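A.B. asks: Below: one structure in structure tokens.
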């Protein structure tokens, strides 16, 4: 008895139905690459957030110290060497931030004051600049 064409087609289709082991492995590799890329992106976002928080706190410290300088008598304002400060702006040997004040005379009655605060782990400081006019 000769098998019908229909049964032969079913038999052939039955052998090809489903996934091969190679296609499953390729799909898993692609899935793992995608998950690894998402994990890396998440880690970079968290690292960026931490850096932004440090820079924000450094800006707040620089701003507070600039206000303190503005409240002083202009003749007492002078450059200050790099010092370690804590998160409240107090000079501390174990402070995580670094602060520096640079004072220069731009003109006869004009003084430029720059406050720089470097957050922990950052390469560039946050800088605030203001000008003081000295009356003669």
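A.B. asks: Taking P(r) over Cα pairs in 5 Å bins from 0, in percent as the quantity of interest, determine which of (i) 2, 8, 12, 12, 9, 7, 6, 5, 4, 4, 4, 4, 3, 3, 3, 3, 3, 3, 2, 2, 1, 1, 0, 0, 0; (ii) 2, 10, 21, 24, 22, 12, 6, 2, 1, 0, 0; (iii) 2, 11, 21, 22, 16, 12, 8, 5, 3, 1, 0 was computed from the displayed structure.
C.D. replies: (i)
A.B. asks: Just to be sure I understand: with springs between alpha-carbon atoms less than 10 Å apart, which residue in 102, 35, 74 has the highest mean-square fluctuation in the Gaussian network model of the chain?
C.D. replies: Largest GNM mean-square fluctuation: 35.
A.B. asks: Additional query: Highest GNM mean-square fluctuation, the chain, Cα pairs closer than 10 Å: which of 124, 100, 57?
C.D. replies: With Cα springs under 10 Å in the chain, the top fluctuation among 124, 100, 57 is at 124.
A.B. asks: Rank 99, 40, 50 by mean-square fluctuation in a GNM of the chain with C-alpha springs under 10 angstrom and give only the top-ranked residue.
C.D. replies: Among 99, 40, 50, the largest GNM mean-square fluctuation belongs to 40.
A.B. asks: When only Cα pairs under 8 Å and 6 or more residues apart are kept, what is the percent relative contact order across the chain?
C.D. replies: Numbers: 155 pairs, mean separation 23.7, N = 136.
Once normalised by length, the contact order is 17 percent.
Any read-out appearing in this document is the output of simple, stated calculations on the displayed coordinates, not a laboratory observation. Everything numeric here is computed off the predicted structure, so don't read it as measured data.
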